[in-house]
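Here's the structure we're looking at; comments come further down.
The values are calculated or read from the model by the stated rules, or taken from the named source; none is laboratory data. Remember, predicted model here, so these are calculated numbers, not experimental data. Counting neighbours? That spans all protein chains shown, and the Cβs are built from the backbone with ideal geometry, glycine included.
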Amino acid sequence: MRLSPALTVAALLGSPAADAVEREHQVGIDAQFVSLKVANTATSNLGGGFGAHYSYGLTDQFNLMAEGGFALHVVEPEVEKDKGAAPQQPKTIGHMGVGVGYVFDVLSWVPYIGLLGTGYWLGGGTRTDAGPAGGLAAALGIDYRASRKLAIGLAARQHFILSDFGTYPSWTSVGLRLSYTWGW
C-alpha cells in the first residue's frame, strides 16, 4: 500500500489532537530578544529579557492570558554619559499584562493571537526618572505540544507604550517559551 506524500508528511509532523481545551491551565517561562525604538534616533536599542506566563482556557477557542517580564537594553555609552540627551532612553523595562487570546487548535501545533492591557516600568539609561507607563501588547505565537503536560513555543509581542508613544513608538520582543500544562 502506498501513501500520498501529503498524508505521509501529516502523519510524521502531526499528532491525533493538540488538546488545547477549556479549563486547561498553562504556566511557563520565556527567554526574549527585545528591540526598543526611541523617537528621533537612528537605531533601536537591542537587548534581552526573561519572563513568565500563565493562561487559562475560558473556552476551546479563548484563553485568559497573563504575563510579565523584565528586559535589559543596551544604551550606547556616549549617549548614557550625556544624561541630558533627548529623548530619554531607558536601560530597563519591566512589564505585566492581562488579556485574552484566540487559540487555533491544529494538531500538535497550536498557534494563537491575543491582546493584553499592559503596565510598564521604565528606568535607567538616560532617563532622569524611573516611572510607570501604560499600554497594550499584541501577542502572536505558536506552541508545540510535546506531550499533554509539556509545550515549547515561539512568541512575539508588539508593545504599544501608549502613555509615552511619542517617545517610544515601538517595543518588540521575540522569544522561546517552555510551558507546563494541566487540568483538561
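Would you mind stating whether residue 133 is within 16 Å of residue 28 (Cα to Cα) and not polar (S, T, N, Q)? No: the conditions fail for residue 133. Within segment 111-132, the residues that satisfy the criterion of being assigned to a strand (DSSP E or B), crowded, with 20+ Cβ neighbours inside 10 Å and over 13 Å from the mean Cα position of the chain (by Cα) are 120, 122.
Note on segment 136-152: residues that are of a type in the set (Ser, Thr, Tyr) and either farther than 13 Å from residue 28 by Cβ or touching a His at 6+ places or on another chain (Cβ under 6 Å) (or both) amount to 1.
Within segment 43-63, residues that are surrounded by fewer than 19 Cβ atoms within 10 Å (Cβ to Cβ) sit with their Cβ atoms under 8 Å from residues that are among the acidic types (Asp, Glu) and part of a strand (DSSP E or B), at 6+ positions apart or across chains, in these pairs: 50/30; 52/30; 52/67; 54/67. Restricting attention to segment 101-115, the residues being within 17 Å of residue 159 (Cβ to Cβ) and aliphatic (A, V, I, L, M) number 2. Scanning segment 119-130 for residues that are modelled with pLDDT under 90 and at negative phi turns up 126, 127, 128, 129, 130. Can you tell me which residues in segment 139-161 are loosely packed, with under 15 Cβ neighbours inside 10 Å and over 23 Å from residue 108 (Cα atoms)? Passing the criteria: only 158. Pairs linking a residue in segment 95-107 that is surrounded by fewer than 20 Cβ atoms within 10 Å (Cβ to Cβ) to a residue that is modelled with pLDDT under 95 and among the hydroxyl-bearing types (Ser, Thr, Tyr), with Cβ atoms under 7 Å and 6 or more positions apart or on different chains, are 107/15. Got a number for residues in segment 19-31 being touching a Leu at 6+ places or on another chain (Cβ under 8 Å) and assigned to a strand (DSSP E or B)? The qualifying residues number 4. Picking from residues in segment 136-184 that are charged (D, E, K, R) and within 17 Å of residue 56 (Cα to Cα), the one that is farthest from the chain's Cα centre (by Cα) is 148.
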